[in-house]
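See structure below.
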Amino acid sequence: MVERTPWIDLLTQVLLLLGLIVSLTPFVVVFIASTHDLYTVNQVPMPLWPGHDFFKNMAEAWNRADFGTKLINSLVFAVGVAVGKVVISAISAYSIVYFGYRGRLLIFWLIFITLMLPLEVRIVPTYAVAANALLPYQSILDVTGISWLIAQVSGVQLNLQWGLLDSYPGLILPLVATATGTFLYRQFFLTLPDELVEAAKMDGAGPIRFFIDVLLPLSRTNMAALFTIMFVWAWNEYLWPLLVTTDAAHRVAVVGLREVIPGENGIPEWNIAMAATLIVMLPPLVVVALTQRFFVRGLVATEK
């Protein structure tokens, strides 16, 4: 039993209120700045009450950054990465937990070690693979001499090429693997009783049916939590979409913010920049708001 004391409850509420104020302050400043005109937003200090140019600034930011196309690209990118991570991590964790092959723990720890290799560290080899997804296979053929043998026998120089730059697969596929998701699913699967497997076998369920009909329904909250985390992460990703897309038709909204930020010698139109920031922030906020209940349950609850 937890003893309740009024002063501890009051202190907790005060700390929560302070945390809420600190968290909301940047959003409030961005919103207020997006409602002022150019002259007002550049005043020092800037007025801390809303202005009358909100819709004008939003329209200007939307047209200048071409957010109509970029938001669709960001949605496809974020949903594709989130769904891919959920599916791949569920399958990999299912294999590690429920199949008794040799080396499965070693494979899990090799996957887990990749947490120490973020995208920024492996950006160069990842970009090289995206530029030509068949490059590793071409290297294997060259090292083993198979490509030379084919050239000698048939006279055809084997040169495998499959570029993924400026495409949705190039944006999504290199980012779908996740050690975090595999770890989350593995820890959840380990909490499930072994009797589930025995009951499924007695009902004649094979591995695929057991995975689809038993494990996935039990993992709904985990899937929602992982999807929310990865959607927000992918939506806010800047470096990879910047490198892999050179065509404006495949640019994402976060990269499009550069088009409204003042240049080195440009006029600091921070009202337009803040309006664009609001547009980019809105979709992940909506996703988090819609999945908040499942997100919290997936992180703190265990369903059996």
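Every read-out reported here was derived from the displayed coordinates using simple, explicitly stated rules and does not represent laboratory data. Everything quoted here is computed from the prediction, not taken from an experiment. Note that each Cβ is placed from the backbone with ideal geometry, even for glycine, and that neighbours are counted across all protein chains shown.
Worth a mention:
- Positive-end extreme of charge dipole, the chain - chosen from PRO6, PRO174, TYR94 (charges on Cβ): TYR94
- Relative contact order for region 97-167, counting Cα pairs under 8 Å that sit 6 or more residues apart, in percent: 31
- Secondary-structure-derived ellipticity at 222 nm for the chain, considering helices only, amounts to -21000 deg cm²/dmol, per-run term -39500 (n - 2.57) for DSSP H runs with n ≥ 4.
- Applying a length cut-off of 27 Å (Cα extent along the axis) and a mean Kyte-Doolittle floor of 0.0 to the DSSP H helices of the chain leaves 6-33, 67-98, 270-300.
- Computed from point charges on the beta carbon alone (+1 for Lys and Arg, -1 for Asp and Glu), the dipole magnitude for the chain about its Cα centre is near 620 Debye.
- Dimensions (Å) - region 115-166, Cα atoms, principal axes, largest first: 44, 25, 12
- Projected area, mean over directions - region 151-284, Cα convex hull, nm²: 15.9
- Diffusion coefficient, µm² s⁻¹, Stokes-Einstein with Kirkwood Rh over alpha-carbon pairs of the chain at 4 °C and 1.567 mPa s: 55
- Sorted by Cβ density within 10 Å, fewest first, the residues GLU259, GLU237: GLU259, GLU237
- Within straight-line reach of LYS201, meaning a Cα separation under 20 Å, sit the following aspartates and glutamates at least 8 residues removed in sequence or on another chain: ASP213.
- Positive-pole candidate from LEU48, GLY19, LEU242, dipole of region 18-300, charges at beta carbon: GLY19
- Size of region 203-273 as Cα extents on the principal axes (Å, biggest first): 72, 25, 16
- Rounded Å value of the spacing that divides the Cα centres of region 135-183 and region 209-264: 24
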